[in-house]
Ligand SMILES: Cc1cc2nc3c(=O)[nH]c(=O)nc-3n(C[C@H](O)[C@H](O)[C@H](O)COP(=O)(O)OP(=O)(O)OC[C@H]3O[C@@H](n4cnc5c(N)ncnc54)[C@H](O)[C@@H]3O)c2cc1C
């Protein structure tokens, strides 16, 4: 690949306040944030972006932490690496879906540098964390010169690489609420090689009634099969309030595959992706149900 990276002025602010001040001074096209650089460097090298200023936030240790528990929920700083989440002892029980998801993100090398905030802010529809954040009902904290705001994960990504982050804002934290009792969650992805971006992915979080058979609530999300990660709301509606059976989960997978809107690419047809994601939804639905019954 020919290296056509342009010259830019590099800043490494020492605090979030300083980073936001710098960000507010420059326009959208002339300035870029870099965190782990795993995606941004590729765009720079290919000449797809040519910023005049690059603000390196990787050193902002205040955004690199994981805290919380199953009673209070989790707070994950945007600069936490994939690897730190994968290895965190807090990723137990209902939150073990996060560690399982991270184990499937690329290679250990990429996970050691790539950050959860960079992944989500990038808005790649094939990214693995976003569908998991949808089923965990996460909120994203954004900070700008004018203050902070919280955005529901569901409202955050609107299309291919399109997010709700203003050009003068940073994603600073991911907030995940405490799961209700009898909740189980599971994620899976299908890719051509281990660690590749997903051809399709699915995540399910299910909460059961006291009988441990009836679905009290459910969230189903799919990745890589639409311009943005999406909920399968018709399939959720089908399952909510019903006694869960294998047949019902197969029907939910079929409905989810109809809700998806994948496109064919050079190697894989739209129809294949549609059928694949339906199968994944059925499969993780069953595993989430089994986990919820054990919780
Ligand atoms: C070979 C390879 C394979 C990969 N495979 C997968 C995979 O299978 N699944 C998967 O999910 N991901 C995959 N990734 C993506 C990777 O895991 C990173 O999560 C991703 O590159 C972004 O993280 P980063 O910290 O490197 O962000 P950067 O590359 O530094 O930034 C990415 C974008 O987000 C912006 N940004 C970064 N941080 C913030 C912030 N806090 N606030 C606002 N904007 C911000 C940047 O300006 C840039 O536009 C892969 C990457 C590579 C290189």
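Every read-out reported here was derived from the displayed coordinates using simple, explicitly stated rules and does not represent laboratory data. All values derive from a computational prediction rather than experimental measurement.
Per-residue ellipticity at 222 nm computed for the chain from its helices equals -9500 deg cm²/dmol, with DSSP H segments shorter than 4 residues left out and the rest contributing -39,500 (n - 2.57). Under the criterion of Cα pairs below 8 Å and six or more residues apart, the relative contact order for the stretch 153-212 equals 25 percent.
Between the helical axis of 270-294 and the longest alpha-carbon principal axis of the chain there is an angle of about 70 degrees. Taking each residue as 0.36 nm, the span from residue 15 to residue 214 lengthens on full extension beyond its C-alpha to C-alpha distance by 66.8 nm. Nearest 10 degrees, 0 to 90: what angle lies between the long axis of helix 16-25 and the longest principal axis of the chain (Cα atoms)? With both axes taken from Cα atoms, the answer is about 70 degrees. So how tilted is helix 246-259 from the main axis of the chain? Cα-based, degrees 0 to 90, rounded to 10. Rounded to the nearest ten degrees, it is 40.
Pair-distance distribution P(r) for the chain, from all Cα-Cα distances in 10 Å bins starting at 0: 7, 28, 34, 21, 9, 2, 0 percent.
Take the alpha carbon atoms of the stretch 263-295, find their center, do the same for the stretch 131-197, and report the distance between the two centers in whole angstrom. Cα centres, the stretch 263-295 to the stretch 131-197: 20 Å. Using C-alpha pairs under 8 Å with a sequence gap of at least 6, the mean separation divided by the residue count of the chain gives a relative contact order of 15 percent.
Remark: the Cα gyration tensor places the stretch 9-56 in the oblate category, a/c being 1.5 or greater and a/b not exceeding b/c.
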